[in-house]
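Encoded as structure tokens, the structure appears first; notes follow it.
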Amino acid sequence: MIISLRDISYEDLKNKLNKDDKIVLWSCNTCIKFCGIGGYDNMVLLENMLRADGYNIIGKELISIACMYSLAEQHKKSIDKKNMFQEATAIICLTCEDGFETAESVFNDKKVIKVVKTIGVGNFTMDRGPILTAPFEWTGLEQNNQGYSFPELAEKLHLYPTFFDRKEAAEDNTDENISLTINNKKCTARIGMTIMQACEANSIKVPHLCYEADLTPDANCRLCLCKVKGEKELVPSCATPVRENMEIITQDDELEHARKILLELALASHEHNCLTCSKGNPCIAGNCELQSLVRDYDIKETRFQQNKEKLPVDTSSPVLVYDPNKCVSCGRCVRACKEVACQNNLSFVNRGSKTCVAAGANKLFNQSACVTCLACVFACPTGAITEKISHFEGDDWLETNVYQS
Amino acid sequence: MIFSNSLEYEKITSNLDKKNDIITIIGCNTCIRVSGAGGPDKMKELAMKLKHDGYNVKDGFMLPITCMEPYLFTVKLKPEVNTIVSLACTAGTSNIKRNFPDYKIVETVDNIGLIIADTNKGVLKIAMPYKKHESKLGAEYPLGSDGKNRMSKEQIPVKVELKTL
């Protein structure tokens, strides 16, 4: 992975901006995320800081691999985003310098601001986080397999070991906050938040499968349905904006009963063989969210008959395995391919119980336009799309799957 | 993305012992596959060549990202193995060396630097080279060409320059 550390202070960043700038935050979801500088959460944090200080953030854009020029161009030209990019006057890059150079070229009519120094390549370790093992020569550091940790590097190279600190910005503007009640508890939320975001901001957990913070809400899994006073029907928390004095119930016997049935139905259409599934164990690409929910709801087995025709597993891609039998049709991979990769390579095909996700024109992954960016792998909440780990052996170098355990 | 080029086959075998080394190959499936110096096909090619030449290659593992420790923990080496041939860039090899300190580790590639890629055109461009490869700054190659067939005309319109602290 590419190792980068922040090289400007929050004050320096503000000095590069004008109050009338229309700012887009641009971040990569790969190495820089593991360096603690990029990724969606850091964009949200920086957005909140700059907004509190009176800057105009008009959008955030997450890209699966920012050093892929073709992907960056596709983001800029995307039908959903091109107006935002046309309007923008400044792009803040939460990417490595490699990604910054790409952005600087793609957005050559705008002010593109870099916040990191890229200093070489290294590893992500379990105990020390990211470390630098092969520095660029101009750092004056020797190659070292044990690696240099971020605090050590920050001190040696006069850089910052962490992301911007929320405390450096002004406090949230209370005019933008509203009051509401969630589960009979008085809470506050920011105007524009969804019920799900308001719940998360107030440490209230709402179960969900199809929702992921960095993707557009789709409200298809129905697990996050909640009750809102004055509304006739249950509403999806992930797609319903909060209002002043809203009274919300996210948890009661009726909602829990409905969720349990939905989970059992999901299991009935899901090949539930956790012992031979990589997502059964925590890994870089997350763990199985379906399994976590099934455990939370103490579901031992489904009362419904397995209702999905068994489909062949697609191992044609060099980097991922697609097992449609484990797909719960949440559509997160489809949205990640569209929004994070800007590829539109994944989509739903067929109807009813035959509905499934397919690559390209219902082809194998290696026959489609997949750029192997792994955006779908990181979005999938079950073991349907997982990273391929292979063992090769024998005279014919036969390939077998290795499970992350 | 990190760009690596294959070392000469003879340079790799000069670090191997036909009689005593019992070999596993650990490969990476990310940047090095895009570079053309690694990936499943390259691993099979190297394994078959080594086997054909009398080296004791037991097996191989292809990991999605070798420079991240959690993936390396999925490698279960056979008890008789004493040598790991790393089909990963310098970063991946460092990870292997740190996590398998008692094994002989043999490198197969040279790190050139960081690249910008264009999957539509099938081109990569060297953006941040290591010092000994500074002359390759801005050079463009077809994806997966292992540093061969340098392109004569610019394909990716990104201005690159040497970096200093």
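The values are calculated or read from the model by the stated rules, or taken from the named source; none is laboratory data. These numbers were taken from a predicted model, which means no experiment stands behind them. Virtual Cβ from ideal backbone geometry, glycine too; neighbours counted across all protein chains shown. Side chains are part of the model used for accessible areas, which takes the heavy atoms of the whole protein and leaves out ligands, DNA and RNA. Shrake-Rupley method; radii C 1.70, N 1.55, O 1.52, S 1.80 Å.
Name the residues in the stretch B:35-50 that are out of contact with any strand residue (DSSP E or B) (no Cβ under 6 Å at 6 or more places or on another chain) and part of a helix (DSSP H, G or I), would you?
Selection gives B:41, B:42, B:44, B:45, B:46, B:48, B:49.
Hey, residue B:37 hits all of (1) open to solvent by less than 10 Å² (accessible area, probe 1.4 Å); (2) closer than 22 Å to residue A:377 by Cβ but one; which does it fall short on?
(2)
Given the residues A:300, A:232, A:310, A:260, which is the only one that is surrounded by fewer than 20 Cβ atoms within 10 Å (Cβ to Cβ), under 30 Å from residue A:176 (Cα atoms) and free of Cβ contacts under 8 Å to residues at least 60 places away in the same chain?
After applying the criteria, what remains is A:232.
I'm trying to understand the selection: among the residues of the stretch B:86-104, which are small (Gly, Ala, Ser) and farther than 19 Å from residue A:31 by Cβ? So that I can check it myself, show each step before the final result.
Narrowing the stretch B:86-104 to residues small (Gly, Ala, Ser): B:86, B:88, B:91-92, B:94.
Within the stretch B:86-104, just B:86 meets the criteria.
Being part of a loop (DSSP other than H, G, I, E, B) and modelled with pLDDT of 90 or more narrows it down to one residue among A:333, A:337, A:342; which is it?
Among A:333, A:337, A:342, only A:342 is part of a loop (DSSP other than H, G, I, E, B) and modelled with pLDDT of 90 or more.
Could you list, in sequence order, the residues of the stretch A:343-373 that are away from chain B (no Cβ under 14 Å) and open to solvent by less than 20 Å² (accessible area, probe 1.4 Å)? It would help to see each step written out before you state the result.
First, pick out the residues of the stretch A:343-373 that are away from chain B (no Cβ under 14 Å): A:346-364, A:367.
Selection gives A:346, A:356, A:357, A:358, A:359.
Just one of (1) basic (Lys, Arg); (2) surrounded by fewer than 16 Cβ atoms within 10 Å (Cβ to Cβ); (3) free of Cβ contacts under 8 Å to residues at least 40 places away in the same chain trips up residue A:338, so point out which.
If we test residue A:338 against (1) basic (Lys, Arg); (2) surrounded by fewer than 16 Cβ atoms within 10 Å (Cβ to Cβ); (3) free of Cβ contacts under 8 Å to residues at least 40 places away in the same chain, just (2) comes out false.
Determine whether the stretch A:84-103 contains at least one residue that is in a helix (DSSP H, G or I), more than 8 Å from chain B (Cβ to nearest Cβ) and free of Cβ contacts under 8 Å to residues at least 12 places away in the same chain.
yes
Count, please, the residues in the stretch A:374-400 that happen to be surrounded by 15 or more Cβ atoms within 10 Å (Cβ to Cβ) and either more than 9 Å from chain B (Cβ to nearest Cβ) or part of a strand (DSSP E or B) (or both).
Residues flagged as surrounded by 15 or more Cβ atoms within 10 Å (Cβ to Cβ) and either more than 9 Å from chain B (Cβ to nearest Cβ) or part of a strand (DSSP E or B) (or both) within the stretch A:374-400 amount to 17.
Specify the residue that is farthest from the other protein chains (Cβ to nearest Cβ); the eligible residues are those in the stretch B:103-143 that are open to solvent by 40 Å² or more (accessible area, probe 1.4 Å) and under 14 Å from residue B:33 (Cβ atoms).
B:143
Can you tell me how many residues in the stretch A:56-83 are part of a strand (DSSP E or B), under 19 Å from residue A:44 (Cβ atoms) and either aliphatic (A, V, I, L, M) or open to solvent by 20 Å² or more (accessible area, probe 1.4 Å) (or both)?
Restricting attention to the stretch A:56-83, the residues satisfying the condition of being part of a strand (DSSP E or B) are A:56-63, A:68.
Filter once more, keeping what is under 19 Å from residue A:44 (Cβ atoms): A:56-63.
Narrowing the set further to residues that are either aliphatic (A, V, I, L, M) or open to solvent by 20 Å² or more (accessible area, probe 1.4 Å) (or both) leaves A:56-58, A:60, A:62-63.
So the answer is 6.
Within the stretch A:154-171, can one find any residue that is over 23 Å from residue A:27 (Cα atoms), over 19 Å from the mean Cα position of the chain (by Cα) and among the β-branched types (Val, Ile, Thr)?
no
For residue A:157, which of the numbered conditions (1) open to solvent by 20 Å² or more (accessible area, probe 1.4 Å); (2) within 10 Å of another protein chain (Cβ to nearest Cβ) fails to hold?
It is condition (1) that residue A:157 fails.
Within the stretch A:115-129, restricting attention to residues that are buried (at least 22 other Cβ atoms within 10 Å of the Cβ) and over 15 Å from residue A:156 (Cβ atoms), which residue is farthest from the other protein chains (Cβ to nearest Cβ)?
This residue is A:115.
With A:124, A:136 as the choices, which residue is in contact with a Gly (Cβ under 7 Å, 6 or more places away or on another chain) and closer than 30 Å to residue B:111 by Cα?
A:136
Under the condition of being assigned to a strand (DSSP E or B) and more than 9 Å from chain A (Cβ to nearest Cβ), which residue from the stretch B:58-102 is surrounded by the most Cβ atoms within 10 Å (Cβ to Cβ)?
Restricting attention to the stretch B:58-102, the residues satisfying the condition of being assigned to a strand (DSSP E or B) are B:58-63, B:68, B:83-87.
If we keep only those that are more than 9 Å from chain A (Cβ to nearest Cβ) as well, we get B:83-87.
Values: B:83: 21, B:84: 23, B:85: 28, B:86: 25, B:87: 34.
Restricting to residues being assigned to a strand (DSSP E or B) and more than 9 Å from chain A (Cβ to nearest Cβ), the top hit is B:87.
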